[in-house]
Amino acid sequence: QVQLVESGGGLVQAGGSLRLSCAASGRTFTGYTMGWFRQAPGKEREFVAAIRWSGGSTYYADSVKGRFTISRDNARVYLQMNSLKPEDTAVYYCAASPTCITPPNCRYAYWGQGTQVTVSP
């Protein structure tokens, strides 16, 4: 059973930084694509960043390029968020895609419960 557990959210002032962590367990993730998504109140969930577990290729939404960095180690996926803006306020979700031909456009089969990020002006 794949489990994804996010942590690291919180309240930060604009211009500040946060590091989100996603603990991945239940199987080996070789070949998976891991993604971060976010959903703000009243808005649809949107893609933020993704990383190939094998090889480490990364992909970013235009809105976060140059500010956010996705990485991973043996059992966790991270999202380093710098220069945060109020519009980054959302619940952030970790997701896993077992097979993905054209990342970041993947079918994500597994999702975490989310962690709240709030950026004050």
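A few remarks follow.
- Hydrodynamic radius of the stretch 9-72 per Kirkwood, over alpha carbon pairs, in Å: 13.4 Å
- Charges were assigned to the Cβ only: +1 to each Lys and Arg, -1 to each Asp and Glu. The resulting dipole of the chain about its Cα centre is roughly 180 debye.
- Average accessible surface area per residue within the stretch 12-121, 1.4 Å rolling probe, Å²: 50 Å²
- Assigned charges on the beta-carbon of Lys, Arg, Asp, Glu; the stretch 40-110 dipole about Cα centre (debye): 140 debye
- Once each of the trypsin sites (Lys or Arg not before Pro) sitting in a DSSP loop with at most 13 other beta-carbon atoms within 10 Å is removed, the chain keeps 66-106 as its longest stretch.
- Cysteines, the chain, no other Cys beta-carbon under 4.7 Å: none
- Local charge for P86 was computed over the other residues whose Cβ lies under 15 Å away, with Lys and Arg +1 and Asp and Glu -1, and equals +2.
- With contacts taken as Cα pairs under 8 Å and at least 6 residues apart, the chain reaches a relative contact order of 35 percent.
- Selection among G31, L11, G66 by position relative to the dipole of the stretch 2-98 gives G31 as farthest towards the positive end (Cβ unit charges, Cα centre).
The values are calculated or read from the model by the stated rules, or taken from the named source; none is laboratory data. This structure is a prediction, so every number in the text was calculated from the model and none was measured. Note: ideal-geometry Cβ built from the backbone for every residue, glycine included; neighbour counts use all protein chains shown. Ligands, DNA and RNA are stripped out before the accessible areas are found, and what is left, the full protein with its side chains, is counted by its heavy atoms. Shrake-Rupley method; radii C 1.70, N 1.55, O 1.52, S 1.80 Å.
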